[in-house]
Amino acid sequence: MMVSFFDQFASPSFLGIPLIAIAITLPWILFPTPPSRWINNRLITVQTWFINRFTNQLMMPLNVGGHKWALLLASLMVFLITINMLGLLPYTFTPTTQLSLNMGFAVPLWLATVIIGMRNQPTVALGHLLPEGTPIPLIPVLIIIETISLFIRPLALGVRLTANLTAGHLLIQLIATAVFVLMPMMPTVAILTATVLFLLTLLEVAVAMIQAYVFVLLLSLYLQENV
């Protein structure tokens, strides 16, 4: 029986019970808990340094009001990186290849930034819908275009993360299948293909981290427009 390449993106279940909740909560169990001592081990030191550097870089363009989001955005960044990296292991499931999950992250956070802008500075928030110096005949058209682009933002966030991870997983599976097929017939070509597979896996590790960073970075840019 032929197995579809897209079966790897199906939500796993056991005895009819969906296991996606376990796949989502498992990364939090793997995080080391910082102790109360001044001197920590190397893993916690590297983790703390990474989170501090990322938070400083992310909060630098924001004013003091936006710094309240530091904990939320840093936690989301670490969570997405961990899920994406665990999904590269064999016989694992990547929850972030599900558009519904990514939209569940993107829509509430994007909507929160819009609500904050409308509450704190409604004039500035609505001013983004109409660029300064627009000719009068183009005002209705530009307002419609800017409104559509505003509502497309969460969709772009979710689709970008889903598409990049899905494409990478499919490409890895295709090349791995080619290696197994070519190994008994053309070993030399199979070895070269395996080398390409190894390089692609390294690339996917980078993509898993970069896409998590881009997701959170774009959220911070949306927040910057509204605080």
Original post:
Which of L171, L86, L192 moves the most in a Gaussian network model of the chain with Cα springs under 10 Å?
Top reply: L192
**OP:** Find the relative contact order for the chain and round it to a whole percent, using C-alpha pairs within less than 8 Å whose residues are 6+ positions apart.
**Re:** 28
**OP:** Would you mind telling me which residue in R53, R42, R119 has the biggest mean-square fluctuation in a Gaussian network model of the chain, where springs connect alpha carbons within a distance under 10 angstrom?
**Re:** R42
**OP:** Go through segment 102-112 residue by residue and turn each phi into a ³J(HN,Hα) via Karplus (6.51, -1.76, 1.60, θ = phi - 60°); whole Hz please, and just put x for glycine and proline.
**Re:** 5, 5, x, 7, 6, 5, x, 5, 4, 5, 5
**OP:** Could you give me the radius of gyration and the Dmax of segment 75-118, taking only the C-alpha atoms into account and expressing both in angstrom?
**Re:** 13.3, 46
Original post:
Where only protein heavy atoms count, and the probe is 1.4 Å, what is the accessible area per residue for the chain in Å²?
Top reply: 63
Original post:
Which residues make up the longest stretch of the chain clear of chymotrypsin sites (Phe, Trp or Tyr not before Pro) that lie in a DSSP loop with no more than 15 other Cβ atoms within 10 Å, not counting the sites?
Top reply: 92-227
**OP:** Please work out the Cα convex hull volume for the chain and give it in Å³ per residue.
**Re:** 209
Original post:
If you build a Gaussian network model of the chain, linking Cα atoms that sit under 10 Å apart, which residue out of I175, I136, I144 swings the most?
Top reply: I136
Original post:
What are the ³J(HN,Hα) values, in whole Hz, obtained from phi via the Karplus relation 6.51 cos²θ - 1.76 cosθ + 1.60 with θ = phi - 60°, for each residue of segment 185-191 in sequence order, with x given for Gly and Pro?
Top reply: 8, 9, x, 5, 5, 5, 5
Subject >> Using a Förster distance of 30 Å, the FRET efficiency for V141-M118 (Cβ separation, nearest 0.05) >> reply: 0.85
Original post:
Length gain on complete extension for the stretch L129 to I210, per 0.36 nm per residue less the alpha carbon to alpha carbon distance?
Top reply: 26.2 nm
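The values are calculated or read from the model by the stated rules, or taken from the named source; none is laboratory data. As the structure is a prediction and not an experimental result, all values here were calculated from the model. When we count neighbours, we look across all protein chains shown, and the Cβ atoms used for this are built from the backbone with ideal geometry, even at glycine. What goes into the accessible areas is simple: the full protein's heavy atoms, side chains included, and nothing from ligands, DNA or RNA. Shrake-Rupley method; radii C 1.70, N 1.55, O 1.52, S 1.80 Å.
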